[in-house]
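Participant: Before anything else, here's the structure in question.
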Amino acid sequence: MSGPAAFLSAFAHALAAMTLYAAGHPARERAIDDAFQELHDLQAAAPNALFTFLGDEIVFGNLPVRELKAWDWSRRLAQAGIQRLEFADRVSRDEFEGFLDEVLARLTLSAIDTSETHQLRRSSIRFGSVGVKGDAGQAEPPVATATISYSLGEEAETVRWFQDAVKSQGVVPLTEAEAVVRSLSIAMHSDRQLVIPLLQLKEFDQYTTTHSMNVAVLTMALAEHLGLGARDVRTFGIAGLLHDIGKVRIPLDVLTKPGRFTDEERALMNAHPVEGARIILKSEEQLELPAVVAYEHHIMLNGGGYPTFRFRRDCHHASKLVHVCDVYDALRTNRPYREAWTQEKTLTYVRDRAGVEFDPELAGAFVRMMQQWEPQLAVMTDERTPLRPAGT
């Protein structure tokens, strides 16, 4: 069992023992000691141990704790207002026992105030809620969380790594793709209100990385705005992250060409949806939806775009959603052949193309979301720098 899973198992055992035995009982003290030792061992490898409880799933840092899939305590902690738990620096035995007492009290209270982040007095333990929608699609109230500065440096490196892996091995590493989407979701909900962290392009040859991450973030934001549950939001996020994976087959000099494409280059570019779907379908059965989205994300509502259908049919809801987000980010990004469009000009384009290129309902929802959440837009780099407000 991994360090995070071993700690959480001991943590749950300690809480159970504390409900059965009075303070000072040997069994109670032994369970607390065991959990504290597991935490000590965990912090030896990861000093800032950060857990996020998302429904049935647990994330340690940016990676899922697969050994505890559907762990019952995950939902119980989230319901008690502990969706995010951080052990910053080393924790003393007394601090840890005080934290367990606080958790136990919150688990047994019928009415719990989850409106703010909590930090035990003179303690390095912080916990609180994050604004992730529940499976029923109902939004939880915006609440504060521990103040943690985010950048997307590690996530961008991971995306570049798995793009290279796809290029060399021909399959998508699903674990890494899921980890990036979970990390993006955590970054989106790390403040009092939802934040839309968009990467700023620095080099044209990093466009596929930057664009894929931005489309994933915009897709998840729009899915939440439409009321989808947490699991669907992350599934759509993976589809957004992988929508352009077929471009790994296109030479870099074609992707970054400043002038017009030749007929051969245009044919190569237009083949990336089909190629992307093939790559994804060879990778994992669980990636059927991302494969569909990769295939359909350039198809317009009126049947235009590519690839072309012999018989016109409707595209998947997720494909229509990713299409809007894909076009928005592409137009808002500097490219070798044109400057980035302004926010106003881009949203006007989306609005004007509703019913022709985009699904009218989704286009309208996207425009309203971007106008409503404009103060929550943030431009980030793929380096370890904090968020800063986005310009228009």
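Participant: For the list (1) under 23 Å from Arg231 (Cα atoms); (2) crowded, with 16+ Cβ neighbours inside 10 Å, I need the number of the one condition that Gln79 fails.
Facilitator: So Gln79 meets the others, but not (2).
Residue by residue, here is whether (1) modelled with pLDDT of 90 or more; (2) under 26 Å from the mean Cα position of the chain (by Cα) holds:
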| residue | (1), (2) |
| --- | --- |
| Thr308 | no, no |
| Val322 | yes, yes |
| Cys325 | yes, yes |
| Arg338 | no, no |
| Val356 | yes, no |
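Participant: For the list (1) at pLDDT 80 or above; (2) in contact with an Asp or Glu (Cβ under 6 Å, 6 or more places away or on another chain), I need the number of the one condition that Gly153 fails.
Facilitator: (1)
Participant: Okay, next question. Please verify whether the stretch 275-284 includes one or more residues that are assigned to a loop (DSSP other than H, G, I, E, B) and loosely packed, with under 15 Cβ neighbours inside 10 Å.
Facilitator: No.
Participant: Same structure, new question: Just the residues that are within 24 Å of Tyr349 (Cβ to Cβ) and of a type in the set (Phe, Trp, Tyr), please, taken from the stretch 296-331.
Facilitator: Tyr306, Tyr328
Participant: Looking at (1) within 24 Å of Ala363 (Cβ to Cβ); (2) in a loop (DSSP other than H, G, I, E, B), can you tell me which one Gly259 breaks?
Facilitator: Going through (1) within 24 Å of Ala363 (Cβ to Cβ); (2) in a loop (DSSP other than H, G, I, E, B) one by one, Gly259 breaks only (1).
The values are calculated or read from the model by the stated rules, or taken from the named source; none is laboratory data. Not measured: the values here are computed from a predicted model. Cβ coordinates were reconstructed from backbone atoms using ideal geometry, including for glycine residues, and neighbour counts include every protein chain displayed.
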